[in-house]
Amino acid sequence: MQLILGLIPNNLQPKSPIHSLEDNPMHSVNQKIKDLPKLVLVALSIGLVAQLAHAQSDATQRLLERNKMFEPKIIKVADNVYTAIGYQVTANSMIVGKDGIIIVDPGQMPIMASRVRKAFEEITDKPVKAIIYTHSHGDHYNGAPAFYESDKGIQVWARSNFGSEGARNALTGLIGGVRSSNTQGFDLKPEQKIGVGVAIPPARRPTNSMMVDGSSQSGTPRRAQRIEPTHTFSEDRKRIEISGVTIDLVSAPGETADQLYVWLPNQKVVFAGDNFYQSWPNVYPLRGTARRSIRDWIVSIDKMAQEGPKHLVGGHTTPMLNNASEILANYHEALKHVYDKTIEGAKKYLTPDELVEYAALPPHLAKLDYLAPYYGSVKGTIRDIYAQDLGWFDGDALNLHRESPLKQSQRMADLVGGANVLMTKAKEAMRKDDPLGAAQLAQHVIRLRPEDKNAKRLMGEALAIVGESTFNAPMRNYTISTSNRLLSEANAK
Ligand SMILES: [Zn+2]
């Protein structure tokens with residue numbers, strides 16, 4: 001069966017999540033092919049599988065459904081407040097004052113930001129008076145040149161530590177490149193691309209400056225194009241008055257240390273930057289970055305909730321209108337719950353692998369769509385809290401004496417009777433609708449026989465199924481990227 005799977009082009013491979021033998025398409029294929037001559041068998045299998053090519057997992061369907069949110073549109077948030085969604089990966093907002101406008105987060109690229117400007121100009125032709133950067137991730141501020149003219153006295157506001165994130169992440173830049181690409185899904189085949197859960201990156205391979213959530217160090221435009229802040233503040237809260245609009249800029253470390261939120265006390269609108277989007281927050285980015293303090297994040301969410309906002313504009317995804325205070329209260333409760341339970345469990349000597357169950361969200365929070373792990377992962381957050389507060393050691397004495405992966409695989413092979421048996425068991429797992437088990441077993445074989453193309457093919461095919469049924473978009477992208485790599489190594493001459 002693995003041979004047959006290997007013959008089928010990737011885009012024809014089954015995409016359905018496998019819940020039971022009965023509803024497993026590959027199982028029925030297996031049954032039908034059992035006693036048929038090989039040629040007929042292959043043809044039949046390809047036909048059956050091709051029919052199933054459009055069956056998608058619940059995870060895929062929900063992510064595709066979510067993508068409808070990112071169709072380009074301008075949303076009126078409140079009187080004189082508008083947010084552009086889907087023009088760029090970020091949400092870009094305009095506040096209309098007496099004789100000018102204020103832009104919150106101009107976005108990722110001047111060329112795309114200029115389309116936002118055009119759309120805003122259909123609402124008002126008042127000139128730009130100020131630009132506010134919520135933080136220094138490139139997808140939020142690189143678009144500034146589309147709104148900025150140097151001789152117009154435009155104020156550009158940010159916190160005084162603006163850019164600190166880039167310096168913190170510089171060390172991880174190298175490894176971040178490949179891992180970023182994998183989590184964002186840049187190298188996936190067109191039919192595998194589904195976005196990152198809080199935005200759809202452009203279809204073609206983008207420059208780094210188009211990455212979602214990050215790229216402050218590598219994605220900045222050429223120096224000459226980059227618009228630096230002209231005004232900064234270091235206090236907790238700075239009240240400014242621009243074009244007759246009262247604006248509070250409030251320090252709010254969370255996703256980045258240089259984050260701020262924008263509060264309009266009269267319109268009761270809060271612009272959260274990346275401390276809020278409709279998803280579980282990306283407390284730990286898979287690409288590997290300097291740590292994001294969930295403790296700061298919890299405080300900053302509470303601070304926004306305490307303002308008593310009516311409308312909430314996140315850094316990505318559509319604005320939440322009319323019930324912002326309730327949403328922020330729930331978001332705060334959820335983050336605090338996960339943090340407190342993780343620490344509580346750690347004090348009981350639970351390991352991270354156990355804590356992901358122990359500190360999971362309770363049902364009344366888990367059911368909220370804006371807390372679902374489209375982008376950030378609850379489990380990843382729990383592991384990261386543990387790592388931030390307790391470090392790498394999980395309390396298991398054996399982990400003080402861990403053997404190399406190769407040695408562990410050798411032990412496994414010795415136990416079952418050799419690498420060939422591991423391979424047989426891996427194929428068996430695949431037949432029994434256990435692609436994760438199959439991938440784990442095949443990985444042992446690959447470690448022991450790095451040139452074994454059958455093992456790579458099997459692991460690649462197994463991970464394709466695992467990835468396609470994974471709901472968290474970055475994890476899904478990473479898993480399918482790994483699958484693609486293995487399959488291409490398996491198919492290399
Ligand atoms: Zn962002």
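The values are calculated or read from the model by the stated rules, or taken from the named source; none is laboratory data. Since the structure is predicted, the reported quantities are computational estimates derived from the model, not experimental observations. Positions of Cβ are backbone-derived with ideal geometry, glycine not excepted, and every protein chain shown enters the neighbour counts.
Data for the structure
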quantity: Top-ranked residue in the stretch 275-294 [being in contact with a strand residue (DSSP E or B) (Cβ under 8 Å, 6 or more places away or on another chain) and over 30 Å from Lys98 (Cβ atoms); ranked as surrounded by the most Cβ atoms within 10 Å (Cβ to Cβ)]; calculated: Tyr277
quantity: Among (1) crowded, with 21+ Cβ neighbours inside 10 Å; (2) aliphatic (A, V, I, L, M); (3) within 16 Å of the ligand (Cβ to nearest atom) - the single one Ala257 does not satisfy; calculated: (1)
quantity: Candidate set from the stretch 358-378 (those that are part of a helix (DSSP H, G or I) and over 21 Å from the mean Cα position of the chain (by Cα)); member that is farthest from Asp394 (Cα to Cα); calculated: His364
quantity: Count - residues of the stretch 463-493 that are among the small types (Gly, Ala, Ser), in contact with a Gly (Cβ under 8 Å, 6 or more places away or on another chain) and within 14 Å of Ile194 (Cα to Cα); calculated: 2
quantity: Matching residues in the stretch 273-293 - criterion: being closer than 16 Å to Gln259 by Cβ, away from the ligand (no atom under 14 Å from the Cβ) and small (Gly, Ala, Ser); calculated: Ala290, Ser293
quantity: The stretch 101-140, subset over 19 Å from Pro72 (Cα atoms) and within 14 Å of the ligand (Cβ to nearest atom), residue surrounded by the fewest Cβ atoms within 10 Å (Cβ to Cβ); calculated: Ser136
quantity: Pair list, Cβ < 8 Å and 6+ apart or interchain, from the stretch 114-140 residues that are farther than 20 Å from Arg159 by Cβ to residues that are among the polar types (S, T, N, Q) and within 16 Å of the ligand (Cβ to nearest atom); calculated: Val116/Gln88; Val116/Asn92
quantity: Verdict on His316 being at pLDDT 95 or above, assigned by TED's automatic domain parsing to the domain that holds Ser251 and either part of a helix (DSSP H, G or I) or crowded, with 20+ Cβ neighbours inside 10 Å (or both); calculated: yes
quantity: Test: residue in the stretch 391-409 that is small (Gly, Ala, Ser), under 19 Å from Asp353 (Cβ atoms) and assigned to a loop (DSSP other than H, G, I, E, B); calculated: yes
